[in-house]
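Scroll down for the structure; my scribbles are underneath it.
The values are calculated or read from the model by the stated rules, or taken from the named source; none is laboratory data. What you are looking at is a predicted structure, and each value in this text was computed from that prediction instead of being measured. Glycine gets a Cβ as well: all are built from the backbone with ideal geometry, and neighbour counts include every protein chain shown. Calculation scope for accessible area: heavy atoms of the full protein, side chains included, ligands and nucleic acids excluded. Shrake-Rupley method; radii C 1.70, N 1.55, O 1.52, S 1.80 Å.
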Amino acid sequence: RQTIEPMQRNGSWNLTRTAFQVPARFDGQKVGWAVVLCVPNSGRHSIGMFANNLRNVADERNMHLGDLIGDGPIDAAGYIASKSGLEAFLSEEVERLERGWGKKVGLLLAVMSDSAGENGKFVFPALKRWSHTISGIPVQCCQVSKALKTGDKKKMAGDSGYAAGLLLKMNLKLGGENCYASSPERIGSGQHGLALMEREPQGTMVVGLDVHHASPGSQGASFAAVVASLDMQCVKMRTIVTTQEMVDDPNNGSRKQRQEIVHTLYETMVDLLHEFCTKDCFGTGGRPPRRIVFFRDGVAHNQFEAVTEQEIEQI
């Protein structure tokens, strides 16, 4: 018989005594990390405190970031102000650091403005483009008021709780594994994973799909993003993003309209299943999953029939 504890109310996150299931670890002899400042007059003197605290909190969780590369942070404030050339500048600076220090940059920590609107217009998109399409180096963003200053509750350069929250994101970006889902009967047994995921010998792949459309009136493209799990804990994932072509508007032949139905889903599913077999996280000799659980978001009621006839057919 189990004793049911009273429900805890007004709870909060506390990451002080938590550990990662699989902490990311750099080879300190070959890889380190760097900081880029995307704001002017940001208190460069406190970057050492922030970096040391972040590294110490990482070490407590057996996550090793290696040394901070460079005599100081990369100063990108001029490129932020001009809203141009940031990607090329970052590539040049990272190459210079790697050549001068004899180590690869495995992570770039970007200190940004406190204004979400200002960041979203140029800084964040440029950083992500550089990370995802040019360098392949993970970027972790943080706000300047939280990272590089001290003195009140919102300025947390030496706060271990804030550092732990950043490390949750950084660990995943660096290939670590934060936490595992477990079936209730497995809690405390040392075994992990959901019974659904392994009920059949070849396991289960969970897939999610959504289509992002640019705002009304924008000429920006629409994108279909598909993500699939590769292991029993749903921590190893593969993501494929494709552009959605515009189609003729049936009510006005001279205009184009965006489409929600994904017509590249067949090719995407083939790639995902190939990745599942290649990784072979279930140890089944590279066989495809026995079962696929598919989540589809963003479909209006009048699109159900089209999804059934076209997308499910491709799956």
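Please go through the stretch 224-243 and give me each residue that is within 18 Å of E177 (Cα to Cα) and surrounded by 12 or more Cβ atoms within 10 Å (Cβ to Cβ), ordered by number. Please lay out each step first, then the result.
Taking the stretch 224-243 first, the residues within 18 Å of E177 (Cα to Cα) are 227-239.
Result: V227, A228, S229, L230, D231, M232, Q233, C234, V235, K236, M237, R238.
Residues are listed down the side, and each one gets a yes or a no for (1) closer than 25 Å to L166 by Cα; (2) crowded, with 17+ Cβ neighbours inside 10 Å:
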{"position": "S84", "(1), (2)": "no, no"}
{"position": "E92", "(1), (2)": "no, no"}
{"position": "E98", "(1), (2)": "yes, no"}
{"position": "K103", "(1), (2)": "yes, yes"}
{"position": "G106", "(1), (2)": "yes, yes"}
{"position": "V111", "(1), (2)": "yes, yes"}
{"position": "E118", "(1), (2)": "yes, no"}
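Of (1) at pLDDT below 95; (2) open to solvent by less than 50 Å² (accessible area, probe 1.4 Å); (3) of a type outside the set (D, E, K, R), M246 satisfies all except one. Which?
M246 satisfies every listed condition except (2).
Take N52 and tell me if it is open to solvent by 80 Å² or more (accessible area, probe 1.4 Å), at pLDDT below 90 and more than 20 Å from the chain's Cα centre (by Cα).
Working: open to solvent by 80 Å² or more (accessible area, probe 1.4 Å): no; at pLDDT below 90: yes; more than 20 Å from the chain's Cα centre (by Cα): yes.
No.
Which condition number in (1) outside any strand (DSSP E or B); (2) free of Cβ contacts under 8 Å to residues at least 12 places away in the same chain is the one that E260 fails?
Only one criterion in (1) outside any strand (DSSP E or B); (2) free of Cβ contacts under 8 Å to residues at least 12 places away in the same chain is unmet by E260, namely (2).
Going through the stretch 123-150 one residue at a time, which ones are open to solvent by 10 Å² or more (accessible area, probe 1.4 Å), under 17 Å from the mean Cα position of the chain (by Cα) and either free of Cβ contacts under 8 Å to residues at least 12 places away in the same chain or more than 18 Å from W33 (Cα to Cα) (or both)?
F124, P125, K128, R129, H132, T133, G136
Any chance you could count how many residues in the stretch 259-268 are surrounded by 16 or more Cβ atoms within 10 Å (Cβ to Cβ) and not β-branched (V, I, T)?
3
Applying the selection to the stretch 172-223, what residues are open to solvent by less than 30 Å² (accessible area, probe 1.4 Å) and either in a strand (DSSP E or B) or among the acidic types (D, E) (or both)?
E177, G193, T204, M205, V207, G208, L209, V211, S222
Can you name the condition, by its number, that K169 falls short on among (1) part of a helix (DSSP H, G or I); (2) surrounded by fewer than 16 Cβ atoms within 10 Å (Cβ to Cβ); (3) modelled with pLDDT under 90?
So the condition that K169 fails would be (3).
Would you mention how many residues in the stretch 269-313 are touching a Gly at 6+ places or on another chain (Cβ under 8 Å), part of a helix (DSSP H, G or I) and either open to solvent by less than 70 Å² (accessible area, probe 1.4 Å) or under 18 Å from L196 (Cβ atoms) (or both)?
1
Of the numbered conditions (1) among the aliphatic types (A, V, I, L, M); (2) closer than 22 Å to D159 by Cβ; (3) touching a residue at least 24 places away in the same chain (Cβ under 8 Å), V105 fails exactly one; give the number of that condition.
Of the numbered conditions (1) among the aliphatic types (A, V, I, L, M); (2) closer than 22 Å to D159 by Cβ; (3) touching a residue at least 24 places away in the same chain (Cβ under 8 Å), the odd one out for V105 is (2).
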